[in-house]
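What follows is a single structure, written as structure tokens, with notes after it.
Values quoted throughout were computed directly from the atomic coordinates according to the rules given, and no laboratory measurement underlies them. Quick caveat: nothing in here was measured; it's all calculated off a predicted structure. Neighbour counts run over all protein chains shown; Cβ positions are idealised from the backbone, glycine included.
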Ligand SMILES: Cc1cc2nc3c(=O)[nH]c(=O)nc-3n(C[C@H](O)[C@H](O)[C@H](O)COP(=O)(O)OP(=O)(O)OC[C@H]3O[C@@H](n4cnc5c(N)ncnc54)[C@H](O)[C@@H]3O)c2cc1C
């Protein structure tokens, strides 16, 4: 049986960022991922936006890790040649009635410590985004976009360079806490050729995304339930993609469900419209009952009147690992904690947006928790 100091469950952006951080400090680090490749779940099905931290409650983990993660993500992308564009973004009020909410959002961002926020009027909106209609906007200079896929692979590459072992097609099926270590049962390989293996780890980190509640359940912790909320996208390609220059957001939903359907100019020159927000059954349910393109065109016209249904192509979708049930309200914070009953385990649950941005900061936090366990 292999012995590990640390075993990370999940090879999304969070697991890979953690692997990079902990492998710089300790030997015998393993990361196991059930899919054939890293980053195939939520980490490659998002907007790729490097968020600023304006939206989240003051002193929340989301606010803290987003603001620090924003700085660390740009620094990392620059140093390791991960494609990114530091564009800034506009949050636009469609009418005068929305301007009170716009002011409140600016104040929230400032309270969180986000720098450089500025209110601008229609003339400046026009200068930056000639096709967008709005009465006022917040300019958010620290927002940008990054290649999520390449970010995941860069974190993983550095972790393996430090000596970490990354195993794909490896699903954790059991976790048995013992004295000073957890026995991790793995099913490795594909359907035709499955092997059972066990690794004994002094510290286990649950970064299993949509399945983090089930992985926590393997340790007997039933504290959390994840509700998948699908976010769907449409894409505008070719010359009509010039209708948008950078990033344009409406005001966020009052129910805390999403940041609203926004326009994101991609690194490949198209623009995305989305993501929508719908609770769905099933953690692999990306495509059943997709919204019609007409619904996207309709909602986009408020800020971008020139958009036509014929400009839009159905794009991909992603699933948010929400901790708030369909009947609930508000924003749940990230859960990042040592398990109260199994102190060698670190649980990360509900790592929805801004998880891509926050990943390198979350990784430093988790490395501190791992230090308490290992040293
Ligand atoms: C529509 C949408 C848009 C978003 N936009 C943004 C954005 O613009 N900016 C931003 O900062 N964030 C954004 N996010 C959030 C961001 O994508 C996520 O927070 C982040 O990708 C979460 O990463 P993760 O590693 O926790 O999860 P995942 O990427 O889901 O990785 C978890 C991994 O664990 C694996 N796993 C699960 N169970 C097991 C097991 N038993 N054994 C082995 N492996 C297992 C899974 O296969 C998966 O690969 C968005 C999310 C969505 C859905």
- Query: Taking a ≥ b ≥ c as the square roots of the eigenvalues of the Cα gyration tensor of segment 164-236, is the shape rounded (a/c under 1.5), prolate (a/b larger than b/c) or oblate?
  - Reply: oblate
- Query: Computed from the mean reciprocal separation of all distinct C-alpha pairs, what Kirkwood hydrodynamic radius does segment 40-156 have, in Å?
  - Reply: 15.3 Å
- If one compares the long axis through the Cα atoms of helix 355-374 with the longest principal axis of the Cα atoms of the chain, the angle in degrees, nearest 10, works out at 20 degrees
- Query: Modelled label-to-label distance, residue 110 and residue 179, 7 Å Cα→beta-carbon offset: nm?
  - Reply: 6.0 nm
- Taking Cα pairs under 8 Å and at least six residues apart, what relative contact order does the chain come out at, in percent? 24 percent
- Could you work out the helix-only [θ] at 222 nm for the chain, with each DSSP H run of four or more residues adding -39,500 (n - 2.57) and the total divided by the number of residues, to the nearest 500 deg cm²/dmol? -8500 deg cm²/dmol
- Query: With contacts defined as alpha carbon pairs under 8 Å and 6 or more residues apart, what's the relative contact order of segment 170-322 in percent?
  - Reply: 23 percent
- Where the Cα atoms of segment 220-302 are projected onto their three principal axes, how long is each span, largest first, in whole Å? 53, 26, 25
- Message: Given 25 °C and 0.890 mPa s, compute D for the chain with the Stokes-Einstein relation, Rh being the Kirkwood radius over Cα pairs; round to the nearest whole µm²/s.
- Response: 115 µm²/s
- Cα→Cβ-extended label distance, 7 Å offset, between residue 86 and residue 254, nm: 3.7 nm
- Against the longest alpha carbon principal axis of the chain, how many degrees, from 0 to 90 and to the nearest 10, is the axis of helix 13-23 turned? 50 degrees
- Only Cα pairs under 8 Å and at least 6 apart count here; give the relative contact order of segment 5-62 as a rounded whole percent. 34 percent
- Task: Tell me the label-point distance for the pair residue 188, residue 289, using the 7 Å Cα-to-Cβ offset, in nm and rounded to one decimal.
- Result: 4.1 nm
- Item | segment 211-277 versus segment 1-50: alpha-carbon centroid distance in Å | 22 Å
- Task: Take the Cβ-Cβ distance between residue 131 and residue 58 as r, set R0 to 51 Å, and report the resulting FRET efficiency rounded to the nearest 0.05.
- Result: 0.90
- Query: In degrees from 0 to 90, rounded to the nearest 10, what is the angle of the helix 61-79 Cα long axis to the longest principal axis of the chain?
  - Reply: 90 degrees
- Query: Taking 0.36 nm per intervening residue step and subtracting the Cα-Cα distance, what contour gain separates residue 196 from residue 37 on full extension?
  - Reply: 55.3 nm
- Message: At 10 °C and a viscosity of 1.306 mPa s, what translational diffusion coefficient does Stokes-Einstein give for segment 291-375, taking Rh as the Kirkwood radius over Cα pairs? Give it in µm²/s as a whole number.
- Response: 96 µm²/s
